[in-house]
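Written below as structure tokens is the structure these notes are about.
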């Protein structure tokens, strides 16, 4: 793993936090004045909250509205590595909430990515592959290909519907399967920390807001002067991040150089999203 984005409900952290952040559009969209980022960051579309609340994107931002917001954030906040598309998660409870099947969620996810990249081709939109069973994810990859989007050639591809799985082995199986099919630069949305310990060497980045949930069930840190728990406390968040990364190396181990006898045709190396800045 090259980058870990610390999730936060507090957009103001962008102005003075020393580590990469993962911030949701839902926390930024109502702000008239935006902070100027001193750190790199990525934008979450707020899709899980939107679909959980409404069962669709019908009363959420349209693709054109969302694209305009991303452009504003990129220009006014700065430091934006990339932005999530308005994808449709495929966990069974989410399918029950929307009343649609996996294939429909995948189709809506792909169409949204195409819309966003058509509206403003200069935006750093990252597509998501969605599914539930491992094979579903390959079906989603194929669906992008039907619209002439070769995910193997993109700087980063997000993997959705991983964070609420009971077993980290399932997430690892999906990551490995995508790797074998040439998707080598992956971002895993909100995976469990035990999952990162298993497959951090096979992903490019990940994010997590798990620290906040953990803090809500613990006493405040000694010395904290805010009221109540540390669920929105940057001091707790940074300590949690440090502890996590001690167990999860940020950098991938170097890959052995194949001998000429074992060279095979591979997609061209993908560009690290951070290299654009």
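The values are calculated or read from the model by the stated rules, or taken from the named source; none is laboratory data. On a predicted model such as this, the values are computed, not experimentally measured, just so you know. So basically every Cβ, Gly included, is an ideal-geometry build from the backbone, and we count neighbours across all protein chains shown.
Considering every residue within region 250-271, establish whether at least one is touching a helix residue (DSSP H, G or I) at 6+ places or on another chain (Cβ under 7 Å), part of a loop (DSSP other than H, G, I, E, B) and modelled with pLDDT of 75 or more. So far as region 250-271 goes, no, none of its residues is touching a helix residue (DSSP H, G or I) at 6+ places or on another chain (Cβ under 7 Å), part of a loop (DSSP other than H, G, I, E, B) and modelled with pLDDT of 75 or more. Scanning region 147-163 for residues that are loosely packed, with under 14 Cβ neighbours inside 10 Å and in contact with a helix residue (DSSP H, G or I) (Cβ under 8 Å, 6 or more places away or on another chain) returns 147, 150. For first residues located in region 77-88 and free of Cβ contacts under 8 Å to residues at least 60 places away in the same chain and on the phi > 0 side of the Ramachandran plot, partners that are part of a loop (DSSP other than H, G, I, E, B) and surrounded by fewer than 24 Cβ atoms within 10 Å (Cβ to Cβ) and lie 6+ apart or on another chain with Cβ distances below 7 Å form the pairs 78/36; 78/37.
Scanning region 83-92 for residues that are over 19 Å from residue 171 (Cβ atoms), assigned to a loop (DSSP other than H, G, I, E, B) and in contact with a helix residue (DSSP H, G or I) (Cβ under 7 Å, 6 or more places away or on another chain) turns up at least one hit. Out of all the residues in region 51-67, which are in contact (Cβ under 8 Å) with a residue 24 or more places away in the chain and more than 14 Å from residue 93 (Cβ to Cβ)? Within region 51-67, 56, 57, 60, 61, 63, 64, 66, 67 qualify.
Would you confirm, using the coordinates I've provided, whether residue 50 is part of a helix (DSSP H, G or I) and modelled with pLDDT of 95 or more? For residue 50, the condition - part of a helix (DSSP H, G or I) and modelled with pLDDT of 95 or more - is met. Based on this model, can you work out whether residue 57 counts as in contact with a helix residue (DSSP H, G or I) (Cβ under 9 Å, 6 or more places away or on another chain) and within 15 Å of residue 127 (Cα to Cα)? It is false that residue 57 is in contact with a helix residue (DSSP H, G or I) (Cβ under 9 Å, 6 or more places away or on another chain) and within 15 Å of residue 127 (Cα to Cα). Hey, does region 106-118 have a residue that's surrounded by fewer than 22 Cβ atoms within 10 Å (Cβ to Cβ), in contact with a helix residue (DSSP H, G or I) (Cβ under 6 Å, 6 or more places away or on another chain) and either at pLDDT below 95 or not in a helix (DSSP H, G or I) (or both)? No - not one qualifying residue is present in region 106-118.
Candidates are the residues of region 1-38 that are touching a strand residue (DSSP E or B) at 6+ places or on another chain (Cβ under 7 Å), assigned to a loop (DSSP other than H, G, I, E, B) and surrounded by 18 or more Cβ atoms within 10 Å (Cβ to Cβ); the one that is modelled with the lowest pLDDT is 1. The set of residues from region 198-213 being surrounded by fewer than 16 Cβ atoms within 10 Å (Cβ to Cβ) and in contact (Cβ under 8 Å) with a residue 24 or more places away in the chain comprises just one member, 201. Filtering region 39-81 to residues that are more than 20 Å from residue 156 (Cβ to Cβ), buried (at least 18 other Cβ atoms within 10 Å of the Cβ) and more than 18 Å from the chain's Cα centre (by Cα) leaves 57, 60, 61. Residues that are farther than 13 Å from residue 130 by Cα and out of contact with any strand residue (DSSP E or B) (no Cβ under 9 Å at 6 or more places or on another chain) within region 83-98 comprise 93, 96, 97, 98, listed in sequence order. Screening 225, 117 for residues that are touching a strand residue (DSSP E or B) at 6+ places or on another chain (Cβ under 9 Å) and free of Cβ contacts under 8 Å to residues at least 12 places away in the same chain leaves exactly one candidate, 117.
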